[in-house]
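Reading through the structure tokens given below for one structure.
The values are calculated or read from the model by the stated rules, or taken from the named source; none is laboratory data. Here the structure is a predicted model, which is why all the values come from computation and not from measurement. With ideal geometry, Cβ positions are generated from the backbone for all residues, glycine too; neighbour counts draw on all protein chains shown.
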Amino acid sequence: MSLKIVIAEDEDITRKHLLYALKKEGYEVFGARNGREALDLIERDHFDILITDVRMPEMSGIELLERVKSKFSGIEVLVITGFGSIDSAVEAMKKGAYEYITKPFNLDELILKVKNIQERRVLKKENAALKAYFNMKRGVSIIARSKAMQKIMGSVDDMRDSDRNVLLAGESGVGKSLLSRMIHFTSRRQNMPFLSINCATVPEETLEKELFGYEKSEGTDSVRVGQGLIEIADSGTLFLDGITELSLNLQASLLSVIETGELFRIGGAKSFKVNVRFIAATNNDIRGLIAQGKFMEDLYYRLNVIGIFMPPLREHKEDIEPLCIFFLQKHLCESDKSDKNISGFTKEAMDILKDYSFPGNVRELENLVERAVIIEKGSLITPESLPRSIKMFRIDTFHSDRIQTIAEITRDYAEKVLALVDGDKVKAAELLGISEISLWKILKEK
């Protein structure tokens, strides 16, 4: 973390010595001959530390301190005062100075105080990141029996040493959020923050502050600063779910951060450096949105450095059975279901699940298993513990040794509709668009 420092000192020799010594330490340092010059620099650019002499022409160090702290509370101020002017130093500390040093001073002592400020700022930023870090679910696993999912896992393994941005595409519920965590926790950023936000669920004005942070004046004496997710995720990863829900204005702001590596807080006058890996996700046709002018093409290319498409569950049904076992064990482990003794699924129940199309994908499958665990009283999940709707719409597959006649298919479908309405033949006939007599004939045929 490199600091940017401005030195306000009217004595040319002292100022030059300070500039030389601090630049030698690797800091970015600018000099000002008085308080007014220093204030102009601070108002035009972002600085982390102000080192100021107390006695200067045009504007004193105390006045400069007050002006800076009223507008830019995040800047730490180190005051230089003459020997015997301790009262001025005490006054400066009361007005918000971090530390003071008396003339004649030792350069090593001043450099040490600057390093202390640097360590304090790093610790403050790390504390914010650690709050997010310890709230993360680090144990991430994805079931991948099918070739399609194994290919995706191979892609994740290939990017372990990459910091490139990633765009995940696929229907709602396929596991894009889970995959984003796996990408982070197998990367070299794994010990740094992983933060996420669903852009589709947050109002635009709130979302802007959540992402970019804000600076808000509270009277003439202070500025309230709120850190955004991009700032807190510095050196880590930020997952942006529902990326296509961003307005064009927010898309432009995000693109600027990605391209320049610099962040402006909302209401802030100066930018500062951030180093964030972005993983974005969408269930929309992003290229179609680009063609309609609703999504910025430049932002798409910046995010889609590595693109991964996650197929719907109906296209990799080999994963249904292992997913069911995983979700069964997961929900049995919850405390309110500890009395359950369920070891698996009956063949008929598993066949029903394998034949279902799962429009809600993996998320829907987990919900079905969780529901079945609650309902089931026996040692195996049975069809009776599954919703009637998925049993009704079970897809029959063709086998050369068991081809159903049209009459058999019609009767099976009618029976499923009848079961769905709890045996109400009038309602079943209405749903099927036939008379009660026709329904009776269909059910009677064997």
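Restricting region 35-60 to residues that are of a type outside the set (Ser, Thr, Tyr) and farther than 15 Å from Ile5 by Cα, which is nearest to the chain's Cα centre (by Cα)?
Arg36
Is it the case, given these coordinates, that Leu368 is at pLDDT 90 or above and either of a type outside the set (D, E, K, R) or outside the structural domain of Asp339 (by TED's automatic domain parsing) (or both)? Don't jump to the end; show me each part of the working.
Values: at pLDDT 90 or above: yes; either of a type outside the set (D, E, K, R) or outside the structural domain of Asp339 (by TED's automatic domain parsing) (or both): yes.
Yes: the conditions hold for Leu368.
Results for (1) buried (at least 17 other Cβ atoms within 10 Å of the Cβ); (2) closer than 24 Å to Leu112 by Cβ; (3) assigned by TED's automatic domain parsing to the domain that holds Gln118, shown as yes or no for each residue.
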site	(1), (2), (3)
Lys24	no, yes, yes
Glu28	no, yes, yes
Ala32	yes, yes, yes
Arg44	no, no, yes
Met59	yes, no, yes
Leu64	yes, yes, yes
Val90	no, yes, yes
Met93	no, yes, yes
Ala97	yes, yes, yes
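For region 223-270, enumerate the residues that are part of a loop (DSSP other than H, G, I, E, B) and under 21 Å from Arg287 (Cβ atoms). If the condition is that a residue be part of a loop (DSSP other than H, G, I, E, B) and under 21 Å from Arg287 (Cβ atoms), then Gly242, Leu246, Ser247 are the ones that fit.
Can we say Ile266 is touching a Gly at 6+ places or on another chain (Cβ under 8 Å) and closer than 30 Å to Gly344 by Cβ? Taking the combined requirement at face value, the residue does not satisfy it.
Among residues of region 262-288 that are within 10 Å of Thr244 (Cβ to Cβ), those with a beta-carbon under 6 Å from a residue that is part of a loop (DSSP other than H, G, I, E, B) and among the acidic types (Asp, Glu) at least six positions away or on a different chain give the pairs Asn283/Glu171.
Taking region 273-312 as the search range and keeping residues that are among the basic types (Lys, Arg) and touching a strand residue (DSSP E or B) at 6+ places or on another chain (Cβ under 9 Å), which one is nearest to Phe185 (Cα to Cα)?
Narrowing region 273-312 to residues among the basic types (Lys, Arg): 273, 277, 287, 294, 302.
Applying the additional criterion that residues be touching a strand residue (DSSP E or B) at 6+ places or on another chain (Cβ under 9 Å) yields 273, 277, 302.
On the way: Lys273: 24, Arg277: 13, Arg302: 22 Å.
The extreme case among them is Arg277.
Against the definition (surrounded by 14 or more Cβ atoms within 10 Å (Cβ to Cβ), among the β-branched types (Val, Ile, Thr) and farther than 23 Å from Arg314 by Cβ), how does Ile375 come out, yes or no? When the stated conditions are applied, Ile375 does not pass them. State whether the residues of region 232-245 include one that is surrounded by fewer than 18 Cβ atoms within 10 Å (Cβ to Cβ), within 20 Å of Gly74 (Cβ to Cβ), touching a residue at least 60 places away in the same chain (Cβ under 8 Å) and not polar (S, T, N, Q). So far as region 232-245 goes, no, none of its residues is surrounded by fewer than 18 Cβ atoms within 10 Å (Cβ to Cβ), within 20 Å of Gly74 (Cβ to Cβ), touching a residue at least 60 places away in the same chain (Cβ under 8 Å) and not polar (S, T, N, Q).
Among the residues of region 1-46, those identified as in a helix (DSSP H, G or I), charged (D, E, K, R) and more than 21 Å from Gly82 (Cβ to Cβ) are Lys23, Lys24, Asp40, Glu43, Arg44. Of all the residues in region 47-79, those that are of a type in the set (Val, Ile, Thr) and part of a strand (DSSP E or B) number 5. All but one of (1) small (Gly, Ala, Ser); (2) surrounded by 18 or more Cβ atoms within 10 Å (Cβ to Cβ); (3) assigned to a helix (DSSP H, G or I) hold for Ala280, so report the exception by its number. Single failed check for Ala280: (3).
Only one of these is surrounded by 16 or more Cβ atoms within 10 Å (Cβ to Cβ), within 23 Å of Arg67 (Cβ to Cβ), in the same structural domain as Ser162 (by TED's automatic domain parsing) and of a type in the set (Gly, Ala, Ser): Ser253, Ser271. Name it. So that I can check it myself, show each step before the final result.
On the way: Ser253 fails: within 23 Å of Arg67 (Cβ to Cβ).
That would be Ser271, the only listed residue that is surrounded by 16 or more Cβ atoms within 10 Å (Cβ to Cβ), within 23 Å of Arg67 (Cβ to Cβ), in the same structural domain as Ser162 (by TED's automatic domain parsing) and of a type in the set (Gly, Ala, Ser).
For region 329-347, the criterion of being touching a residue at least 60 places away in the same chain (Cβ under 8 Å), of a type in the set (D, E, K, R) and surrounded by fewer than 20 Cβ atoms within 10 Å (Cβ to Cβ) is met by none of the residues.
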